[in-house]
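Just below is one structure, and these are the notes that go with it.
The values are calculated or read from the model by the stated rules, or taken from the named source; none is laboratory data. Keep in mind that what you see is a predicted model, and the values were worked out from it rather than measured. Don't worry about glycine lacking a Cβ; one is built from the backbone with ideal geometry, like all the others, and counts go over all protein chains shown. Keep in mind that these areas ignore ligands, DNA and RNA; they rest on the heavy atoms of the full protein, side chains included. Shrake-Rupley method; radii C 1.70, N 1.55, O 1.52, S 1.80 Å.
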Amino acid sequence: MKAYEIAKERFAQYGVDTEKVLAQLQDFHLSLHCWQADDVKGFEVQAGAMSGGIQSTGDFPGAARNIDELRQDILKAKSLIPGQHRLNLHEIYGDFQGKVVDRDEVTVDYFQSWIEWAREHDTKLDFNSSSFSHPKSGSLSLSNPDEGIRRFWVEHTRRCRDIANAMGEAQGDPCIMNLWVHDGCKDVSVNHALYRRLLKQSLDEIFAKPQPMMKDCIEGKVFGIGLESFTVGSHDFYTAYAAQNDKLLTIDTGHYHPTESPADKVSAVLPFIKELMLHVSRPVRWDSDHVTIMDDPTQELFSEIVRADALDRVHYGLDFFDGSINRIGAYVIGSRAAQKCMLRALLEPRDLISKYELAGEGYKVLALVEEMKAMPWQAVYDEFCERNNVPVGAAFITEIDNYVADVTGKR
Ligand code: RNT
Ligand code: ZN
């Protein structure tokens, strides 16, 4: 408490009100991705090997094996993360009750128990269509020149929008549905324009139906494993589509060229695109989906959102899947890191720094931005944990150890 009082005074000297910032942080909701709990396997009875250019490596024991275990793990993780957070489901995490339900047959019935569970635990749901890990995934789904396969995925994605809309209605808050497809080519190909025409056509067909209680976001990337040479849904493609069709754009921090800054996209696209979805992740040399930490790119991303005054135009999803470490630990570390970056962004004395910048006092800008790095923001985060009744600092480690001893270690 003493540390917080001192921090409060020190930030006040720069005109920053830590109480106001704590209230803003309380209103910052992450969408926890269900797929870190089981390495993106899901609950389809007919589930095969993972495909679609993504990969989870490692076989740390204790992964969730079914819907009950996954729900239990999510609740455990949530109990160690301060604040109120959403849950982001993929279609393959439906409650299929031992039935083979193909992707073009899915309905909201298989998500009813999720809707009830979410209500019971005061959690809002977000959703994703799933085009990977399926016999018809191949290398092209929504852009497949084979009309039968293309229609199959259009049908799947349309049904997913119905499900997302039903979730939104049930929770009285729009469900954010992300659309990412892996479509691409492993090697040299000459039909890029054809594939992109087909993807556009599929999207037009999918989005034709108005769905007032869900929001569509579209996610591009650079390349996937085994699809290295060409990506149909590239960033240019989706940015243009989102701007023209009033869709949300998803920025996955692992989906850009290594020297490209995802943070710089925020102010570049916001004049043209109403809202953004984030997939906060950590690429190590490629789109490796390591657990989010407080690294510079993550900090810059959150700082850019606050500096752009765009807090109410961004949805904050996480997207990492590391199978080599304790998975509850992964959720807690990644979520807390995202919150800490947001906290530091909110604690920046923006008005003061901006005034110097506009007055041409460049060295003062640099001085203050540097100074802020060593300010006692950590005492503010501890206070936030304290007020939210979750373990402060590394104390969550003991809680996870106990959960391993009682639960995941016995799987
Ligand atoms: C893949 C995308 C996508 C997936 C999830 C599972 O590169 O990032 O968002 O990670 O949908
Ligand atoms: Zn993603």
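Size of segment 239-318 from its Cα atoms: along the principal axes, largest to smallest, the extents are 33, 24, 21 Å. For Q97 and N245, a Förster radius of 35 Å and the Cβ-Cβ distance give a FRET efficiency of 0.45, rounded to the nearest 0.05.
Report the far tail of the P(r) of segment 90-185, meaning the percent of Cα-Cα pairs longer than 18 Å. Provide the component values of the computation, followed by the final result.
Values: 2072 of 4560 pairs.
Cα-Cα pairs of segment 90-185 separated by over 18 Å account for 45 percent.
When DSSP beta bridges are restricted to pairs lying wholly in segment 111-240, around 30% turn out antiparallel. Annotation: the antiparallel percentage among DSSP beta bridges lying fully within the chain is about 15.
Would you mind calculating the gained length between T107 and D187 on full extension (0.36 nm times residue separation, minus the Cα-Cα distance), in nm to one decimal?
Result for the pair: 25.2 nm of gain on full extension.
Sorting the Cα pairs of segment 149-207 by distance into bins of 10 Å, from 0 upward, gives 20, 42, 25, 11, 3 percent per bin. Using C-alpha pairs under 8 Å with a sequence gap of at least 6, the mean separation divided by the residue count of the chain gives a relative contact order of 20 percent. Output the relative contact order of segment 68-159, whole-number percent, from Cα pairs under 8 angstrom with separation of 6+ residues. Once divided by the residue count of segment 68-159, the mean separation gives 32 percent. Comparing mean-square fluctuations of L203, L30, L352 from a GNM of the chain with C-alpha springs under 10 Å, the top value falls on L352.
How much of the calculated P(r) for segment 185-273 lies past 22 Å, in percent of all Cα pairs? Cα-Cα pairs of segment 185-273 separated by over 22 Å account for 33 percent. Rg/Rh, computed from the Cα trace of segment 226-379 with Rh as the Kirkwood radius, has the value 1.00. If you run the Gaussian network model on the chain, springs between alpha carbon atoms under 10 Å, then out of D183, D17, D95 the most flexible one is D17.
Per residue, the convex hull spanned by the Cα atoms of segment 33-153 amounts to 117 cubic angstrom. Dividing the Cα radius of gyration of the chain by 2.2 N^0.38 Å, with N the residue count, gives 0.99. GNM on the chain, alpha-carbon springs under 10 angstrom: the most fluctuating residue among S141, S51, S335 is S51.
Antiparallel as a % of all DSSP beta bridges within segment 212-324, to the nearest 5? Before the final figure, lay out each step's value.
Details: 3 of 15 bridges.
Percent antiparallel among DSSP bridges in segment 212-324 is about 20.
Counting protein heavy atoms only, segment 194-289 has 55 percent of its accessible area on carbon and sulfur, 1.4 angstrom probe.
Take every Cα pair under 8 Å whose residues are at least 6 apart in sequence, average their separation, divide by the length of segment 145-214, and the relative contact order is 54 percent.
The length gained on full extension between I225 and E19, counted as 0.36 nm times the residue separation minus their Cα-Cα distance, comes to 69.6 nm. State whether segment 3-94 is rounded, prolate or oblate according to the following rule on the C-alpha gyration tensor (a ≥ b ≥ c being the square roots of its eigenvalues): a/c under 1.5 gives rounded; otherwise a/b larger than b/c gives prolate, and the remaining case gives oblate. It is prolate, given that a/c is not under 1.5 and a/b is the larger ratio.
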